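Chemist: Let me give you the structure first, and then I'll get to my questions.
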Amino acid sequence: MSETYSLADATMKVIQDRRSIREWTEEPVSEQDLALILEAGRQAPSGENAQPWRFIIVTNVEARKKLGALAGGASGRRFTAEYVTHQMQERFKGLEDEAKKKAAFEKLTSGQVSAFSANAPLSIVVCGKKDVWDTPYDTSAAIENMLLMVTALDLGACWVIAPCFDARDEERTKALLGIPEGFKAISVISIGRPTRPHRQRPRIAINQLVFSEKWGEPYYKEQV
Ligand SMILES: Cc1cc2nc3c(=O)[nH]c(=O)nc-3n(C[C@H](O)[C@H](O)[C@H](O)COP(=O)(O)O)c2cc1C
């Protein structure tokens, strides 16, 4: 195999192996690993090369607990809103087992989903400049770069938007970490050593995603 393809294979393996990991051992993330993760973020593309990202490393147990509580409460409110507007019932309409459905609704609205950030030995809070046009896209590119480096290092991470999604929670996150005006708290990446392997979550088949020349005309006629 040519060198190009072995590099492509290695890159694809990292991309395909990435999973959202929400349970970690207590093992700290080493400085060497953290440096590689941050460098991966720093190298991301950004509109007009604005590089509007800033990163706050959180390892302090008290701050972790507060971040986890913010994330948990925020996700509970978001899913409760989904439930009362019936979006959640729509999302789960394929699930026929009523008991399982009820358990899923209860779990999602419990205020516990996303509270797991408190258990990660390290979180990177990604902040973005407000006065830059492309900040949400730029910071997302940096986050994905970091998630891939986490995977390449055999660590596991989850992208957690929960404590930044709602404006009130985002204000609380900013206050907790001293994030100044002019910056927005974008998302948290919670990182550590996974406690167990995880299966890949399903993906939409490529022939349903890609169109030829115009919308709706499948590029791939059959599943590839
Ligand atoms: C923008 C964004 C925000 C996310 N926020 C959360 C979150 O707040 N809490 C959480 O548990 N997972 C969060 N996730 C993780 C997704 O749930 C996860 O990526 C998705 O279910 C697919 O699973 P996978 O990452 O294992 O492939 C987020 C992912 C993205 C891309």
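Chemist: Quick check on my filter: what residues within the range 14-46 are of a type in the set (S, T, N, Q), within 13 Å of the ligand (Cβ to nearest atom) and out of contact with any strand residue (DSSP E or B) (no Cβ under 9 Å at 6 or more places or on another chain)?
Modeler: Result: GLN16, single match.
Chemist: Okay, moving on. If you take just the helices (runs of 4 or more DSSP H) that sit entirely in the range 84-172, which of them hold at least 2 residues that are within 16 Å of the ligand (Cβ to nearest atom) and surrounded by 18 or more Cβ atoms within 10 Å (Cβ to Cβ)?
Modeler: 98-109, 135-152, 162-165
Chemist: Another question, if that's okay. Which residue pairs have Cβ atoms closer than 6 Å, lie 6 or more positions apart in sequence or on different chains, and pair a first residue in the range 7-33 that is within 18 Å of VAL188 (Cα to Cα) with a second residue that is within 10 Å of the ligand (Cβ to nearest atom) and assigned to a loop (DSSP other than H, G, I, E, B)?
Modeler: Listed pairs, sorted by first residue: ARG19/HIS198.
Chemist: ILE204 passes all but one of (1) farther than 28 Å from ALA118 by Cβ; (2) within 15 Å of the ligand (Cβ to nearest atom); (3) surrounded by 10 or more Cβ atoms within 10 Å (Cβ to Cβ); which number fails?
Modeler: (3)
Chemist: Also, I was wondering about something else. Here is a check on your reading of the model: is ASP9 more than 20 Å from ALA141 (Cβ to Cβ), out of contact with any Lys or Arg (no Cβ under 8 Å at 6 or more places or on another chain), crowded, with 17+ Cβ neighbours inside 10 Å and among the charged types (D, E, K, R)?
Modeler: no
Chemist: ALA185 versus (1) over 24 Å from GLN32 (Cβ atoms); (2) surrounded by fewer than 19 Cβ atoms within 10 Å (Cβ to Cβ); (3) within 16 Å of the ligand (Cβ to nearest atom): which is the lone unmet condition?
Modeler: (2)
Chemist: Is it the case that some residue within the range 47-59 is buried (at least 19 other Cβ atoms within 10 Å of the Cβ) and within 14 Å of the ligand (Cβ to nearest atom)?
Modeler: Looking through the range 47-59, none of the residues is buried (at least 19 other Cβ atoms within 10 Å of the Cβ) and within 14 Å of the ligand (Cβ to nearest atom).
Values quoted throughout were computed directly from the atomic coordinates according to the rules given, and no laboratory measurement underlies them. None of the values given here were measured: they were computed from a predicted structure. No Cβ is skipped: glycine too gets one built from the backbone with ideal geometry, and neighbour counts run over all protein chains shown.
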